[in-house]
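Read through the structure below, which is laid out as structure tokens, and then see the notes.
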Amino acid sequence: MNIHEYQAKELFKEFGVAIPAGCVAKSANEFDAAVASLGGDVIVVKSQIHAGGRGKGVFADGFQGGVKLVKRDEAPSIAAKMLGNTLITKQTGPAGKTVGAILFTEANDIQKEYYLSILMDRASGKVAIVASLAGGMDIEKVAEETPDQILTMLIDPDIGLQSFQVRKLGFFLGFGAKELMKQWTSIIKGLYRLFWEKDCSMVEVNPLILTVSGKIMALDAKVSFDDNALFRHPEIEALRDLHEEDPKETEAGKYGLNYIALDGNIACMVNGAGLAMSTMDIIKFFGGNPANFLDVGGGANEEAITQAFNILLKDKNVKGILVNIFGGIMRCDVIAAGVIAAVKNVGLTLPLVVRLEGTNVEKGRQMLADSGIKLTTADSLADAAEKIVKIVAAENK
């Protein structure tokens, strides 16, 4: 789950991480008061969407930039051009995202910018702190072109962040002076506690800045959370902005389905995340393009399968559906009954290929054969993928 920058900065503040003074506004009526609450002659006006690259983004009406550094008296009028407008960045895709809030912050005289993030390193099973001397840039580009400007520190989760690691990171970033090291220690320990205590999947600051007056602070903030741990954090769940999420993904969550929309035209319904990814891979292998990741889980019933079909059909790009089920926890005859009922309930007219394997597979296949619904059966995953790709290609020539 992602949250907005202004929400992330509130969490930073809670954990003792220094941030610029700021105020969020969700309507034009709040702009003047928000700006008046800040000091300085220059104000930063920041569009709030769940995507990076805002500063270089372009609005649907041609207005340039979702982050602006402006004079105080210009801030409300600039914000008015952003709020409610659609901002398109390299991360939003051509559809863009609608700006529902504006964050006004005080400007700072920046001496140096840095990059900092905390995330899980799956290979080692440890927490990784990534620090870079090149802040405000695409970290992937920095890693490719100037890897010597990046230091990655692995933290054993059983032990936690140690003082020698704090100092090593601090010296790498040039915070060796006593006062700077004190500030740095407070910031990195606060960010690590936030990451650990709130079950974050990532905490990113880009840029972390050193001001001319010698203050270290988080100029930007990006935080995402492990969805599977949200039940432990109702206060984090309350920060969710459903307007920023695909409504199909939100709907799927209500029925215990794991759905992620993609840009292809062959919908997939699979039980098991690994099998779902394999299914998408083999569709690509045969020249098709998957429209989604959809894991119905091991305990899906007729209602869940029906809802899964409904969600798949809401994607207007879908031209065919592949159902690939391995009956382990769930028997194939139960899945077959669910597929038959769901197809009849939704009035499916698109091509459908079904591959079943596992417990009670012969009974499930016979049920499909006797159902009277129009579908194509397959004996293997490769057979199923090849068939749906050919059918979709033939019908869309």
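The values are calculated or read from the model by the stated rules, or taken from the named source; none is laboratory data. Nothing here was measured: the structure is a model prediction, and the numbers come from that model. Because the Cβ atoms are built from the backbone with ideal geometry, glycine has one as well, and the counts that use them run over all protein chains shown.
Out of contact with any Asp or Glu (no Cβ under 9 Å at 6 or more places or on another chain) and in a helix (DSSP H, G or I) - does that describe any residue in the stretch 148-158?
yes
Does Ile129 satisfy the criteria of being outside the structural domain of Lys56 (by TED's automatic domain parsing), over 19 Å from the mean Cα position of the chain (by Cα) and assigned to a strand (DSSP E or B)?
Yes, satisfied.
Is it true that some residue in the stretch 361-370 is within 29 Å of Asp246 (Cα to Cα), in contact with a strand residue (DSSP E or B) (Cβ under 9 Å, 6 or more places away or on another chain) and either in the same structural domain as Asn271 (by TED's automatic domain parsing) or modelled with pLDDT of 90 or more (or both)?
Within the stretch 361-370, not a single residue is within 29 Å of Asp246 (Cα to Cα), in contact with a strand residue (DSSP E or B) (Cβ under 9 Å, 6 or more places away or on another chain) and either in the same structural domain as Asn271 (by TED's automatic domain parsing) or modelled with pLDDT of 90 or more (or both).
Being over 14 Å from Phe326 (Cα atoms) and either crowded, with 16+ Cβ neighbours inside 10 Å or touching a helix residue (DSSP H, G or I) at 6+ places or on another chain (Cβ under 6 Å) (or both) is the filter here; which residues of the stretch 364-376 pass it?
Matches in the stretch 364-376: Met367, Leu368, Ser371, Ile373, Leu375, Thr376.
Condition (residue is surrounded by 13 or more Cβ atoms within 10 Å (Cβ to Cβ), in the same structural domain as Ala101 (by TED's automatic domain parsing), modelled with pLDDT of 95 or more and under 24 Å from the mean Cα position of the chain (by Cα)) applied to the stretch 34-43: is it met by at least one residue?
no
Would you tally the residues in the stretch 32-79 being assigned to a loop (DSSP other than H, G, I, E, B) and touching a Cys at 6+ places or on another chain (Cβ under 9 Å)?
Residues meeting the conditions: 2.
Looking only at the stretch 369-397, count every residue that is farther than 18 Å from Cys268 by Cβ and in a helix (DSSP H, G or I) and tell me the total.
Total meeting the criteria: 3.
Being in contact with a Leu (Cβ under 9 Å, 6 or more places away or on another chain), buried (at least 19 other Cβ atoms within 10 Å of the Cβ) and not acidic (Asp, Glu) is the requirement here; does Ile150 meet it?
no
Residues that are of a type in the set (Ser, Thr, Tyr), under 30 Å from Ala394 (Cα atoms) and assigned by TED's automatic domain parsing to the domain that holds Arg355: list the helices (runs of 4 or more DSSP H) wholly contained in the stretch 186-298 that include at least 2 such residues.
Where helices (runs of 4 or more DSSP H) fall fully within the stretch 186-298 and carry at least 2 residues being of a type in the set (Ser, Thr, Tyr), under 30 Å from Ala394 (Cα atoms) and assigned by TED's automatic domain parsing to the domain that holds Arg355, they are 273-285.
Can you find, within the stretch 242-259, the residue that is modelled with the lowest pLDDT among those that are among the hydrophobic types (A, V, I, L, M, F, W, C) and surrounded by 16 or more Cβ atoms within 10 Å (Cβ to Cβ)?
Among them, the one singled out is Ala252.
Have a look at Ser47, Ser77 and point out the one that is of a type in the set (S, T, N, Q), surrounded by 13 or more Cβ atoms within 10 Å (Cβ to Cβ) and modelled with pLDDT of 95 or more.
Ser47
List every residue pair whose Cβ atoms lie under 6 Å apart, where the two residues are 6 or more positions apart in sequence or sit on different chains, the first residue falls within the stretch 333-350 and is crowded, with 22+ Cβ neighbours inside 10 Å and assigned to a helix (DSSP H, G or I), and the second residue, located anywhere, is modelled with pLDDT under 85 and among the small types (Gly, Ala, Ser).
Correct list of pairs: empty, since none qualify.
Determine the pairs where a residue that is under 25 Å from Leu242 (Cβ atoms), located within the stretch 99-111, has a partner that is among the basic types (Lys, Arg) and modelled with pLDDT under 95 with Cβ atoms under 8 Å apart, the partner being 6 or more residues away or on another chain.
Pairs that qualify, where the first residue is under 25 Å from Leu242 (Cβ atoms) and the partner is among the basic types (Lys, Arg) and modelled with pLDDT under 95: there are none.
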